[in-house]
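Student: Below are the structure tokens for one structure; questions will follow.
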Amino acid sequence: MTDVSETPLIAQRIASIRQTLPMSVRLIAVTKNVSVTAIRAAYTAGIRDFGESRIQETEEKQAQLHDLPEITWHLIGHLQSNKVPKAIAQFQWIHSVDSLKLAQRLDRVAESLSSAPHVCLQVKLLPDPNKYGWTVPELLADLVDLDQLSQIRIRGLMVIPPAGLSADQTLSVFQQARVIADQIRCQSWKHLKIQELSMGMSGDYPLAIQAGATMIRLGTVLFGDRPVLESHLQPNG
Ligand SMILES: *Cc1c(COP(=O)(O)O)cnc(C)c1O
């Protein structure tokens with residue numbers, strides 16, 4: 001956990017990264033395993049979009065951050081079906097929608113809660129056994145059904161390249177994502193609007209921006225290293 005003494009450092013990192021970002025890119029500060037003190041520091045430095053991967057952790061933090069009214073919360077970790085009601089209550093954006101079944105359930109629950117969360121569809125451009133998400137052929141096959149969902153607002157794609165790629169390979173994954181998003185956007189849909197590309201993390205965000213990312217999700221470069229245990233062994237809780 002970050003301690004108070006790191007607060008100026010967080011503000012500095014945020015300011016220097018923001019200087020390099022095009023206006024079209026929304027910076028989401030990823031605060032899984034990051035203390036509420038550090039979240040407050042980021043808020044003071046101007047951040048309004050925060051990304052979390054776990055429902056329980058977010059619930060605890062939100063209870064301590066009630067006085068920061070302008071936060072938009074983004075869920076970026078795998079969402080289990082039984083946690084859909086909580087996810088809808090806690091998050092305005094859900095980037096990690098990874099199956100038609102989950103999208104349909106979100107739509108039903110959102111309607112019952114009179115909520116209209118923004119959603120990104122998580123896509124795997126390359127095979128990756130460690131990641132959830134649609135393959136491209138699967139996604140294309142599900143679009144007609146996804147377009148029936150009128151309560152959730154499907155607004156983009158979320159992409160995480162597999163670990164261990166070269167910069168060229170990573171850029172290529174991001175560019176393919178861009179091509180697919182453009183393709184889908186240009187078709188005529190009733191509800192689907194694939195305008196956003198949520199891609200780019202600490203290690204690869206300049207490449208993602210080069211390829212047209214509209215939302216980048218940065219943790220480590222803003223807050224420093226997370227404890228290895230929680231962040232790498234249980235990323236999907
Ligand atoms: C943890 C996480 C991030 C942030 O990763 P960093 O490398 O620390 O910037 C972004 N996106 C997702 C989906 C994550 O789980």
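Nothing in this text is a laboratory measurement; each read-out follows from the coordinates by a stated rule. None of the values given here were measured: they were computed from a predicted structure. All Cβ positions, glycine included, derive from the backbone under ideal geometry; neighbour counts span all protein chains shown.
Student: Quick check: net charge around Arg48, other residues with Cβ under 10 Å of its Cβ, Lys/Arg +1 and Asp/Glu -1?
Tutor: Net charge in that neighbourhood comes out at -1.
Student: Let me ask you something else. Taking amide hydrogens as modeled 1.01 Å from N in the peptide plane, which residues meet the under 5 Å criterion relative to Thr72, leaving out close sequence neighbours?
Tutor: When sequence neighbours closer than 5 places are left aside, the close amide H contacts are Asp49, Phe50.
Student: Starting at the first residue of segment 84-98, write each ³J(HN,Hα) from the Karplus equation 6.51 cos²θ - 1.76 cosθ + 1.60 with θ = phi - 60°, in whole Hz, x for Gly and Pro.
Tutor: Values per residue, Gly and Pro as x: 4, x, 5, 4, 5, 5, 8, 10, 8, 10, 10, 7, 9, 7, 10 Hz.
Student: Summing +1 for each Lys or Arg and -1 for each Asp or Glu, what net charge is found among the other residues whose Cβ lies under 11 Å from the Cβ of Asp145?
Tutor: Spelling it out: positives minus negatives among the neighbours equals -2.
Student: Now for a different question. Which residue, Ile39, Asn130, Ser166, has the largest displacement toward the positive end of the dipole of the chain when charges sit on each Cβ (Lys, Arg +1; Asp, Glu -1)?
Tutor: Working it through, the farthest residue towards the positive pole turns out to be Ile39.
Student: Suppose every K and R has +1 on its Cβ and every D and E has -1 on its Cβ; what is the size of the dipole of the chain about the Cα centre, in Debye to the nearest 20?
Tutor: 320
Student: Right, next: In terms of the ratio Rg/(2.2 N^0.38 Å) built on C-alpha atoms, what value belongs to segment 1-86?
Tutor: So segment 1-86 has a normalised radius of gyration of 1.13.
Student: Give me Rg/Rg_expected for the chain, where Rg uses Cα atoms only and Rg_expected = 2.2 N^0.38 Å with N residues.
Tutor: 0.97
Student: Using helices alone, what [θ] at 222 nm do you get for the chain, with -39,500 (n - 2.57) per DSSP H run of 4 or more residues, divided over all residues and rounded to the nearest 500?
Tutor: Value at 222 nm, helices only, nearest 500: -12500 deg cm²/dmol.
Student: Then there's this: Among Ile17, Ile216, which comes first, second and so on when ranked by fewest other beta-carbon atoms within 10 Å?
Tutor: Numbers: Ile17 16, Ile216 24.
So the residues, fewest neighbours to most, are Ile17, Ile216.
Student: Roughly how far apart, in whole Å, are the Cα centres of segment 158-199 and segment 1-73?
Tutor: When both Cα centres are located, 25 Å separates them.
Student: With +1 on the Cβ of every Lys and Arg and -1 on the Cβ of every Asp and Glu, and nothing else charged, how large is the dipole of segment 100-150 about its Cα centre, in debye rounded to the nearest 20? Could the numbers behind the result be given before it?
Tutor: On the way: 5 positive and 7 negative charges, 40 e Å.
Here segment 100-150 has a charge dipole of around 200 debye.
Student: Quick check for the chain: number of Lys pairs with alpha-carbon distance under 28 Å, counting only pairs 8 or more apart or on different chains?
Tutor: 26
Student: Where does the charge balance sit around Arg185 when Lys and Arg score +1, Asp and Glu -1, over other residues with C-beta under 15 Å from its C-beta?
Tutor: With Lys, Arg at +1 and Asp, Glu at -1, the net is +2.
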